[in-house]
1. Any chance you could tell me what percent of the C-alpha pair distances in the chain go past 24 Å?
2. In a shell of Cβ-Cβ distance under 11 Å around Pro277, excluding Pro277 itself, what net charge do Lys and Arg (+1) and Asp and Glu (-1) give?
3. Just report the Cα centroid separation between the stretch 234-288 and the stretch 88-149, whole Å.
4. Given H placed 1.01 Å from N in the peptide plane, which residues other than close sequence neighbours of Ile35 have an amide H under 5 Å from its amide H?
5. Quick one: order Thr300, Thr191, Thr240 by neighbouring beta-carbon count within 10 Å, fewest to most.
6. So, in nm, how far is label Phe252 from label Asn87 when the simple model puts each one 7 Å beyond its Cα toward the Cβ?
7. Pulled fully out, how much extra length does the chain show between Asn170 and Glu143, if you take 0.36 nm times their separation in residues and subtract their Cα-Cα distance?
8. Please state, to two decimals, what the Cα-based radius of gyration of the stretch 206-245 comes to when divided by 2.2 N^0.38 Å (N = residues).
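Taken together, the values in this text are just the output of simple stated rules run on the coordinates, not laboratory data. These figures come from a predicted structure and were not determined experimentally. Because the Cβ atoms are built from the backbone with ideal geometry, glycine has one as well, and the counts that use them run over all protein chains shown.
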Amino acid sequence: MKQFIQNLPKVELHLHIEGTLEPELMFELAARNNIDIPFSSCAEVKDAYNFHNLQSFLDIYYQGANVLITEQDFFDLTWAYLLRCKNDNVVHTEVFFDPQTHTERGISFDTVVNGIHNALSQAVDELGITSQLIMCFLRHLDEKSAFIALNQSLEHKDKIVAVGLDSLENGNPASKFERVFKYALDEGFLTVAHAGEEGPASSIRDALDLLKLTRIDHGVRCSDDETFVKELAKHRTPLTVCPLSNIKLKVFEHMAEHNIVELLRKGVCVTINSDDPAYFGGYMTDNFMAVGEAHSMSKTEIAQFTFNAIEASFISDQEKNRLM
Ligand code: ADE
Ligand code: ZN
């Protein structure tokens, strides 16, 4: 199975570029930019990656992003991720970035988006990896801050396909961003949002209805509502599921209890993704392997995760046919 999964072409649809910051690069960028970090070794950093829920992870994750200052830093971060993609046979990736994490620290929107975009462009020719870029709003911040980010993105529309919503779900309902998403849709962006990671099935329903989503990030708590699962299957509404993330953040205690295979067998368009691989212990192949080891699956079922991801991706039908 290891060889089959390693060789399987993969498509990633849920990946936060800030979540690919490996401790080694964190130290390199901290030294390059003269920034103090509260760790003395990579082992110490990894020891700190013991999370009990989403917020305990987010605290460390936003702190890590402080070492990212220049366009070159964002390029280097993205390029390091793309090399991991090459290694895992990821042929197409749709990457999230959180502009507010950086603009709130005085880094310009242009610096962030250009560094990431240049690396993604270079990967088409040099690594044979295609991509799309998705800008996420931080849901713990207010509507006004999201509108500022959206306005900053308008001159980069050629580089950004969709807007998303991440950070703390509980206490920050989709309704808080309804007007921002309406504006984004009017400007021609597609929309996605994290929902049903820690929040209940009703949080997914609200996000789908209010924000007119094309796909849902996580969505695993849909299982609390069987009727809803049937609707998701019927409409082939994609869920970008992140198995190792869900274990690290205690959404499920053990991988054997994870519902991704059950949802696949019910006909839901579930996909496998790595979320924040530097923090959760694995990239795409590791995520596929973790699911494959905990659940007995046929090769056809494992490959279905890639077919689902192609179906759910934001590429043209012509490009989808090329990947199929
Ligand atoms: N930002 C980065 N990773 C996230 C996750 N798993 N959930 C919500 N926000 C995030
Ligand atoms: Zn995520």
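1. 51 percent
2. Cβ neighbours under 11 Å give a net charge of -4.
3. Here the two parts' Cα centres lie 22 Å apart.
4. Correct list: empty.
5. The most exposed by this proxy come first: Thr300, Thr191, Thr240.
6. Output for this residue pair reads 2.5 nm.
7. Computed gain between Asn170 and Glu143 is 8.1 nm.
8. 1.14
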